[in-house]
Amino acid sequence: MAAAPRRDDPAPPTGSARTVDTQVIVVGAGPVGLLLAGELALRGIRATLVERRHGPTTESRASTLHARTMELLDTRGLLADLGDPPCEPRGHFGGIPLDLTLPGPYPGQWKVPQTRTEAVLEEWALGLGADLRCGHTLHAVHDRGTHVEAAAADRHGTPVTLRADFLVACDGQDSTVRALTGADFPGVPAARELLRADVEGIDIPNRRFERLPGGLAVAARNPAGVTRVMVHEFGAAARERAGAPHYDEVAAAWKRVTGEDITGGTPLWVNHFDDENRLLSRYRHGRVLFAGDAAHRQMPIGGQALNLGLQDAHNLGWKLAATVDGTAPAALLDTYDAERAAVGAAVLTNIRAQALLLLGGPEVEPLRTVLAELVAREEVRARLAAMISGLDVRYDVGGPDHPLRGARLPHVGLRTGDIVCTAADLLRSGRGLLLGLDGPPPRVDAVPADRVDTVAARAAAGSPLDGTSAVLVRPDGYVAWAGGPDGDGLAEAVARWFGSP
Ligand SMILES: Cc1cc2nc3c(=O)[nH]c(=O)nc-3n(C[C@H](O)[C@H](O)[C@H](O)COP(=O)(O)OP(=O)(O)OC[C@H]3O[C@@H](n4cnc5c(N)ncnc54)[C@H](O)[C@@H]3O)c2cc1C
């Protein structure tokens, strides 16, 4: 991929206020904001990212991409840019080992440092024309009814006013926009806390969610020789902290729980996190929308927070683009809130269940024993694996009943003429897809050709598409309609998701 220029701060320090007119303001150039800006730019929408950092983050955060996120990155042609990340088929549910193998091209946990994911997304989004303004801190938002106005200060402290059709808050767990709009953010306050450090110069055994008499310990050494330690002492309550804990505190807790002395190591990053669990009551507030950690707060466990946020952006991008360019059918944008808040609630519930299993004291042992026994049953394992991987998502898309309705289009191999491709290749344009699997799809007069590609392709025998004549797929890869050659309900599905030509 060709390197795109960073738009760090195009304006010299003149000290005079300026105004930026754009179509969508995206607050926060973390992974979620970057993916969203790219999705908008892909569809020709002017997206301006406002980011208070002066450059890319160096913080060591999430390191796992799950199967569904890998699929969505595949539909944007971004997998090659991730390099050749290791894949670990074993995951866990609350520390209970869980094989994540499921049908699909990318089962398992793909180990990609968040800094790498962000670099790939940034290059892609900027290459498509997204406008990134680093060193800009947003401090006010006003929904004017017909447009939205935001106030920021650039790195010189110069005021910048931004005007747009919509603003999307992707500004992370302590979202400024959430605070400014007073959005209702109900949930459960933090009860327990984990301490964590990335440490150089220690040589201790790896531990996968080991529950010892005094607490939980995790240690994982990466190929560069840096060990990530995580520790929780059973019963230790979460507490208000002004900043990161001191490494001495982490080393002391580690010693009490494991007996190992890590005081001689050099901490590269020390951090704490807790089990606070909150979800916005609404992801849409008029012309202001929320995605990623700004919309949901959860314990970072098994990489689900990052993956959930990226899938928010993927769901929102095409809907918001269609709304801004005026082609969206009525209420399309509201389906973002309905669909993603439901998914967010389900993921936050599984994270809470895992937090209880991991951080509970001896009283949770019987529950862990029963669950470990159940996980040995294939249907339970597959259900939990789909939940963790994001492959269980099924939206309520309406229309006639069909096993594929509302589910993701399986990423199977297809043949169209002499060309062999995958379902991901057919979604790369960012448009919807009407895919005929038994020859051309049923004829519907009102398919808007600028929004939906019509393709005839055959899937290999035995694929999950067997027995289906045609599918209508949304730009985010979810099946809006599936059925037989009569096309019953197809015209309604086209109108509902894509509008009229
Ligand atoms: C300290 C920490 C450690 C984590 N560790 C893990 C982990 O080990 N495993 C795991 O799975 N997940 C982890 N997570 C969660 C994971 O990193 C997040 O889910 C992911 O980063 C969410 O992406 P996002 O884009 O929604 O938010 P963020 O990545 O937080 O990005 C938000 C962006 O908004 C910017 N911003 C904020 N306010 C403003 C403002 N007023 N004006 C302009 N810009 C603003 C910020 O600078 C930031 O770049 C961790 C999160 C944190 C905060």
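The values are calculated or read from the model by the stated rules, or taken from the named source; none is laboratory data. Quantities reported herein were computed from a predicted structural model and do not represent experimental measurements. Neighbour counts run over all protein chains shown; Cβ positions are idealised from the backbone, glycine included. Heavy atoms of the whole protein, side chains included, go into the accessibility calculation; ligands, DNA and RNA do not. Shrake-Rupley method; radii C 1.70, N 1.55, O 1.52, S 1.80 Å.
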Provide, in order from the shortest bin, the percent of all Cα-Cα pairs of the stretch 193-274 in each 5 Å bin, continuing until the bin that contains the maximum pair distance.
3, 17, 30, 27, 16, 6, 1
Summing -39500 (n - 2.57) over the DSSP H runs of n ≥ 4 in the chain and dividing by its residue number, what mean residue ellipticity at 222 nm do you reach, to the nearest 500 deg cm²/dmol?
-8500 deg cm²/dmol
Probe of 1.4 angstrom, ligands and nucleic acids ignored: what's the accessible area per residue over the stretch 413-498, in square angstrom?
43 Å²
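In the chain, which whole DSSP H runs stretch at least 18 Å along their own axis (Cα) and average -1.0 or higher on the Kyte-Doolittle scale?
Those that clear 18 Å and a mean of -1.0 are 114-127, 304-324, 334-359.
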Please go through the stretch 334-404 and write out the trypsin sites (Lys or Arg not before Pro) that DSSP classes as loop and that have at most 11 other C-beta atoms within 10 Å.
Arg377
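Using only C-alpha positions, report the orientation-averaged shadow area of the convex hull of the chain, nm², one decimal. Write out the running numbers ahead of the final one.
Values: hull surface 97.4 nm².
Taking a quarter of the hull surface, the average projection is 24.3 nm².
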How much net charge surrounds Arg256 when only the other residues with a Cβ under 13 Å from the Cβ of Arg256 are counted, with Lys and Arg +1 and Asp and Glu -1?
-4
Excluding Ala482 itself, calculate the net charge of residues whose Cβ lies under 13 Å from the Cβ of Ala482, where each Lys or Arg counts +1 and each Asp or Glu counts -1.
-1
Carbon and sulfur: what percent of the stretch 413-498's accessible surface (1.4 Å probe)?
51 percent
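For the chain, what does the relative contact order come out to in percent, with C-alpha contacts under 8 Å and a separation of six or more? Working shown, then result.
Values: 1079 pairs, mean separation 80.1, N = 501.
It rounds to 16 percent for the chain.
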If I model a spin label at Leu82 and Ala224 as a point 7 Å from the Cα along the Cα→Cβ vector, what separation in nanometres do I get?
1.9 nm
Under a crude label model (7 Å from the Cα following the beta-carbon direction), how far is Ala17 from Val370 in nanometres?
6.2 nm
Between Ala119 and Asp486, take the C-beta separation as r, use R0 = 45 Å, and let me know the FRET efficiency to the nearest 0.05.
0.40
At 0.36 nm per residue, minus the direct Cα-Cα distance, what do Val380 and Glu200 gain on full extension? Give it in nm, one decimal, please.
60.9 nm
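What does the extension gain come out to for Arg208 and Arg53, with contour length at 0.36 nm per residue minus their alpha carbon separation?
Numbers: separation 155, 0.36 × 155 = 55.80 nm, distance 3.36 nm.
Gain on extension, Arg208 to Arg53, equals 52.4 nm.
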Mean Cα-pair separation over length for the stretch 193-274, i.e. relative contact order, pairs under 8 Å, 6 or more apart, %:
42 percent
Average accessible area per residue (Å²) across the stretch 193-274 - probe 1.4 Å, nucleic acids and ligands excluded
49 Å²
